[in-house]
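A short write-up of the structure that comes next.
The values are calculated or read from the model by the stated rules, or taken from the named source; none is laboratory data. In this text the structure is predicted, and so the values were computed from the model without any measurement. We place every Cβ from the backbone using ideal geometry, glycine too, and count neighbours over all the protein chains shown. The area values use the complete protein model at the heavy-atom level, side chains included, leaving out ligands, DNA and RNA. Shrake-Rupley method; radii C 1.70, N 1.55, O 1.52, S 1.80 Å.
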Amino acid sequence: MPGGGRCPDCGSTELVEDAHYSQSQLVCSDCGCVVTEGVLTTTFSDEGNLREVAYSRSTGENEQVSRSQQRGLRRVRDLCRVLQLPSTFEDTAVAYYQKAYQHPGIRAARLQKKEVLVGCCVLITCRQHNWPLTMGTICTLLYADLDMFSGTYMQIVKLLGLDVPSLCLADLVKTYCSSFKLFQATPSLPAKYMEDKEKMLSRTLQLVELADETWLVTGRHPLPVITAAAFLAWQSLQPSARLTCSLARFCKLANVDLPYPASSRLQELLAVLLRMAEQLAWLQVLKLDKRSVVKHIGDLLQHRHTLIRKAFREGTLEVEAPEKELQGQGPGQGQGKEEVGNSASELPEGKRPASPALLLPPCMLKPPKRVCPAPPASTVTGDENISDSEIEQYLRTPQEVRDFVRAQAAGQAATSNPNPP
């Protein structure tokens, strides 16, 4: 017997070492009592004093991971590997998942929300490392609802107190447009629709910057704007063969989904391009429309800073200048009035030319209509009793006061003597 001890239960000295488990134990061969356990070092308070602690007293006995949490951790790692993220991203996402899972609201949530939590931790990690990844991409991989994903994302950011920067728009353009199936020849893609990747990325980025400068991106989802800009860039590179192609067919050829507001963003971009085209002398005589202006997008983008300033900021000054000249003319200067009238496109006297649109966000140019509440129905019929105090407010002359006092006295007399003789 090693050590010469005795069993505390039966007093036998037949003690043997049982090494069938990961830790050796001293067991009584007569009654089977475990005399001593194996020891290990844990995060117990004794670890600070370099003492070994028995497993039954350690904190490791209580640190059990549930099956749901184990499955979520595996999903986080699998998603990071599918997206080919660096190993440091995977470690950070796993740490965020473990930290978020400690909250009672997350631990008791439904299975769908726990599945969305996996994508939220990965998206937060990518945003913090400036990795171009969209919420829609993760929702597609997880087959998750976008509304549930966005709500869970904001909840996790608030619970963990994280600082998540916004995604760079230029990186998002490159990542999103790189997924288009327009840069390699395939049997389903006609040759006239194939385009060089670098040229299309460069022009799409310029159009997105133009949309940002004209308030078309502020407060809106970026993917519809990028889709509309990519469509215009693709059309403008070979307009003769691509003007007949619609936005829906373009998305089908590129093998991407068509966002619902992309058509509205396309019309807003075309309206801005038309306003810019009015400032170029060689384009004013062509009378361009929303279809033909696509042919001149290259020229408009080349001078976009000057054209935007002239179209949206100096337009109001050009309209106000003739009005000031009209006000400065005296009553006897009729010839000056005629000259000014001719310069103002021969408009009738007293009328002003139409002022150009100002550089304002679309929400201010087209504010949403507010529903006016219906006025409350009046319950006054005219047959209500009028109190004496209210009648006194309308008495103005002494004669009216005397008549009112006389009427009151007659009424009281009639009430006190209802049956006169």
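The set of residues in the range 273-297 being open to solvent by less than 40 Å² (accessible area, probe 1.4 Å) and closer than 11 Å to Leu232 by Cβ consists of Leu273, Val293, Val294, Ile297. Once the range 290-300 is narrowed to residues that are hydrophobic (A, V, I, L, M, F, W, C) and touching a Ser or Thr at 6+ places or on another chain (Cβ under 9 Å), the residue that is nearest to Trp215 (Cα to Cα) is Ile297. On inspection, Arg402 does not qualify as more than 60 Å from the chain's Cα centre (by Cα) and either modelled with pLDDT under 75 or in a loop (DSSP other than H, G, I, E, B) (or both). Please tell me if Ile124 is farther than 30 Å from Leu207 by Cα, in a helix (DSSP H, G or I), out of contact with any Gly (no Cβ under 8 Å at 6 or more places or on another chain) and not assigned by the TED database to the domain that holds Asn255. No, not satisfied.
Hey, among the residues in the range 90-105 that are touching a residue at least 40 places away in the same chain (Cβ under 8 Å) and buried (at least 19 other Cβ atoms within 10 Å of the Cβ), which one's nearest to Gly151 (Cα to Cα)? Looking at the filtered set, the residue picked out is Ala100. With respect to the conditions (1) surrounded by 14 or more Cβ atoms within 10 Å (Cβ to Cβ); (2) of a type outside the set (Asp, Glu); (3) over 19 Å from the mean Cα position of the chain (by Cα); (4) not assigned by the TED database to the domain that holds His129, Ala248 lacks only one, and its number is (1).
Would a scan of the range 210-221 turn up a residue that is surrounded by fewer than 18 Cβ atoms within 10 Å (Cβ to Cβ) and either touching a Lys or Arg at 6+ places or on another chain (Cβ under 6 Å) or assigned to a helix (DSSP H, G or I) (or both)? Yes, the range 210-221 contains at least one residue that is surrounded by fewer than 18 Cβ atoms within 10 Å (Cβ to Cβ) and either touching a Lys or Arg at 6+ places or on another chain (Cβ under 6 Å) or assigned to a helix (DSSP H, G or I) (or both).
Taking the criterion of being surrounded by fewer than 16 Cβ atoms within 10 Å (Cβ to Cβ) and in a loop (DSSP other than H, G, I, E, B), the residues of the range 165-193 that qualify are Pro165, Ser166, Cys168, Ser179, Lys181, Gln184, Ala185, Thr186, Pro187, Ser188, Pro190.
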